[in-house]
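Only the coordinates and a few stated rules stand behind these numbers; no lab work does. The model shown is predicted, which means the values in this text are computed figures rather than measured ones. Heads up, the Cβs are rebuilt from the backbone with ideal geometry, glycines too, and the neighbour counts pull from every protein chain shown.
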Amino acid sequence: MNAKIVAACQAFSLGQSAKALDFVADEAEWHIVGDHIIAGKAGIEATCAEAEAEGNPNFKNIRTIESRNHVVVEGNDLDSDVHYCDIYTIEENLIYEISSYCLARFDEDEGEE
């Protein structure tokens, strides 16, 4: 796997989209699993710009797994108990798909009434 692609995936997972957008295909899709899909590089860029306008997240990547056509980045938000896993599909040295999973701890007390 190309080291620049891996670094771009890691940066994107940290919320540093500017370091990754050169490696995103124009027709890429970002699947926010269980929520919605963002279609196209322009849509991904706009979504990231909106998020970054709210401030920089305090994310930390914990593990990166590489395969022939995929990069998986796992991490967590250091300010909350939220964990993420981003799966990047790579073709021709470009990111064509991102599937983002986000999990928050569910306290048993919150579910009780």
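Annotations for the structure displayed:
- Single unsatisfied condition, residue 40 versus (1) at negative phi; (2) surrounded by 11 or more Cβ atoms within 10 Å (Cβ to Cβ): (1)
- Among the residues of segment 79-94, those that are surrounded by 11 or more Cβ atoms within 10 Å (Cβ to Cβ) and either touching a Ser or Thr at 6+ places or on another chain (Cβ under 7 Å) or assigned to a loop (DSSP other than H, G, I, E, B) (or both) comprise 80, 81, 84, 86, 87, 93.
- Remark: pairs (first residue in segment 80-100, touching a residue at least 60 places away in the same chain (Cβ under 8 Å) and at negative phi; second residue polar (S, T, N, Q) and surrounded by fewer than 16 Cβ atoms within 10 Å (Cβ to Cβ); Cβ separation under 7 Å; 6+ apart in sequence or on different chains) = 90/69; 91/69.
- Annotation for segment 102-113: no member residue is under 23 Å from residue 4 (Cβ atoms), surrounded by 14 or more Cβ atoms within 10 Å (Cβ to Cβ) and under 15 Å from the mean Cα position of the chain (by Cα).
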